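For reference, the structure is listed below as structure tokens.
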Amino acid sequence: MNIGVVVDNELNNDKRVLREIDILREAGNNIFVLCFGFDKKIYNSLVGIEITRIRISRSVKNALFFFINFLPFYDWLWTLKIKKFIIENNIDAIHAHDLYMSKCSYRGIRKSGKKVKMVLDLHENFAFAVTTYNWTKGFLRSAITRPREWQIKEIEYLAYPDKIVVLSEDFRDVLTSRYPDLKPENFCILPNVPDLNQMNSFVPEKDKIPFRKKAPILFYFGVVGERRGIFDALSAFGNVVNEGYNIEFMIIGPVDKKDHKRFNEIISSDTLRDRIIYIPWIDLSELPSYLEISDICIAPFLKNPQHESGIANKIFDYMLGRKPLIVSDCGPQRKLMEKYNCGIVFHNEAELAEAIIKLIGDGELRKKMGENGYRAVIDEFNTEIIKENLLSLYNN
């Protein structure tokens, strides 16, 4: 089968899309990709994948998307490109990534005049998530971007595909409950699980860590911002430090633009400046090295419809690293902790601080939870186990 993957980014750093492409290609499908190529940037080719890039400047792309609900040039551009992409590559199925690519994919298929199956892959609860993005906030920005309009458009866009991919059963159930015309059997559950072959190829190298460990380490990996609960975590961590516990907090990831000042002020405070290790970015291949020196991993996401839609990659990465977790009370990750006894769930800052103190003082519990999480990933939550969910969309 000739499968056309449509994604509105550069592709090369999109872990989820690349993982799905590998699964589909290894099953014998021919994979064609339609994505952006920004400015005159040169991209590495991918073995066995035919990539068509829409050459555009990043600023123009961002502007077009910014106005998508005001002037639909972004939709029109993609509709024409998808039509051409289908015809030139004799595409049998389109695998479009994220809600806003649904309508243009459907229209591109219609305009091509070909019978093409359409699968829509939802990376997030976009209709809610877009209301939290900084570029949609403020009176003028909100008036132009109309982020809440996506909550009205959602049912229209979900009606176009033949099949829908979601991160969790929870999100599927939310959508089928909200829109009874959507049938549960038309959904595929595909969580952000790790590729064990890739992760096992990364060998921990503690000698390359750019600092010396001085105390037990609490570890956060990912985008740093208020919406990710990092400030609640820092506050709870500060309370633990003030109670006299010897612990460090290692944070790795880029900081949301609007949160830069607040974050820097907090980690530079008298209480925390000697207890925080901040690293803006590492390559994924380095993650096992940092996990090896860590003692507790944390996912403090704020409880909202976006974070209720699935389990973040980092959760499974933490578990694969044999580390106990501390997570906020978001449904999917709470259920994971409770089922596999691999971490502690907190509901507020006080409980978060208590969880840190409990795990600091109980090495056996840390080891037990870490092993439980590791076994869950090896036995159930990895690409080899869940890939049949994706393949079934095209085999049936």
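Quick notes on this structure:
- Taken about its Cα centre, the stretch 198-379 carries a charge dipole of about 200 debye when Lys and Arg each add +1 at the Cβ and Asp and Glu each add -1 at the Cβ.
- Summing charges over all other residues whose Cβ lies under 12 Å from the Cβ of Arg19, with Lys and Arg as +1 and Asp and Glu as -1, gives -3.
- In terms of its alpha-carbon gyration tensor, the chain comes out prolate; a/c meets the 1.5 threshold, and the first ratio a/b outweighs b/c.
- Here the stretch 156-180 and the stretch 250-310 have alpha carbon centers that stand 31 Å from each other.
- Phi to ³J(HN,Hα) by Karplus 6.51 cos²θ - 1.76 cosθ + 1.60 over the stretch 269-278, Hz, x for Gly, Pro: 5, 4, 5, 10, 4, 9, 10, 9, 10, 10
- Per-residue Karplus couplings for the stretch 288-298, computed as 6.51 cos²θ - 1.76 cosθ + 1.60 with θ equal to phi - 60°, are listed in order as x, 5, 6, 5, 4, 8, 8, 10, 9, 10, 10 Hz, Gly and Pro entered as x.
- Two-site FRET efficiency, Phe36 against Glu371, from Cβ-Cβ distance with R₀ of 56 Å, rounded to 0.05: 0.85
- Long-range amide H partners of Asn192 with built H, under 5 Å: Ile311
- Rough spin-label spacing in nm, given labels placed 7 Å along Cα→Cβ, for Trp135 and Asn304: 1.7
- Helix 73-89 vs. the chain, principal-axis angle (Cα, 0 to 90°, nearest 10): 70
- MRE, 222 nm, helices only [DSSP H, n ≥ 4, -39500 (n - 2.57), over the chain, to nearest 500]: -13000 deg cm²/dmol
- Other-chain or far-sequence residues with amide H under 5 Å of Ser328's (modelled H): Ala299, Phe301, Phe346
- Simple spin-label estimate for Asn242 and Ala159 gives 5.4 nm between the two label positions (7 Å along the Cα-to-Cβ direction from each Cα).
- Residues whose amide H falls under 5 Å from that of Val165, counting only those 5 or more places apart or on a different chain, are Leu120, Asp121, Leu122, Cys188, with hydrogens built in the peptide plane.
- Extension gain from Arg58 to Ile189, taking 0.36 nm per residue of separation minus the Cα-Cα distance: 44.0 nm
- Unit Cα scatterers, Debye sum, the stretch 198-379: log10 I(q)/I(0) for q = 0.10, 0.12, 0.13, 0.16 Å⁻¹: -0.35, -0.51, -0.61, -0.97
- Surrounding net charge for Ile296, when Lys and Arg each add one and Asp and Glu each subtract one, Cβ distance under 15 Å: 0
- Between the Cα long axis of helix 230-242 and the first principal axis of the chain there is an angle of about 10°, rounded to the nearest 10.
- Signed unit charges on C-beta, dipole axis of the stretch 198-379, positive-most listed residue Phe231, Ile252, Ile277: Ile252
- Helix 349-360 vs. the chain, principal-axis angle (Cα, 0 to 90°, nearest 10): 70
- In this rough spin-label picture, where each label sits 7 Å from Cα along the Cβ direction, the Glu388-Lys208 distance is 3.6 nm.
- Rounded to the nearest 20 debye, the dipole magnitude of the chain is 1440 debye, with +1 charges on Lys and Arg beta carbons, -1 on Asp and Glu beta carbons, and the Cα centre as origin.
- Rounded if a/c under 1.5, otherwise prolate or oblate - the stretch 38-111, Cα gyration tensor axes: oblate
Values in this text are rule-based calculations from the coordinates and carry no lab data. If you're wondering where the values come from, they're calculated on a predicted model, not measured in any experiment. Methodologically, a virtual Cβ is constructed for each residue, glycine included, from the backbone with ideal geometry; neighbour enumeration extends over all protein chains shown.
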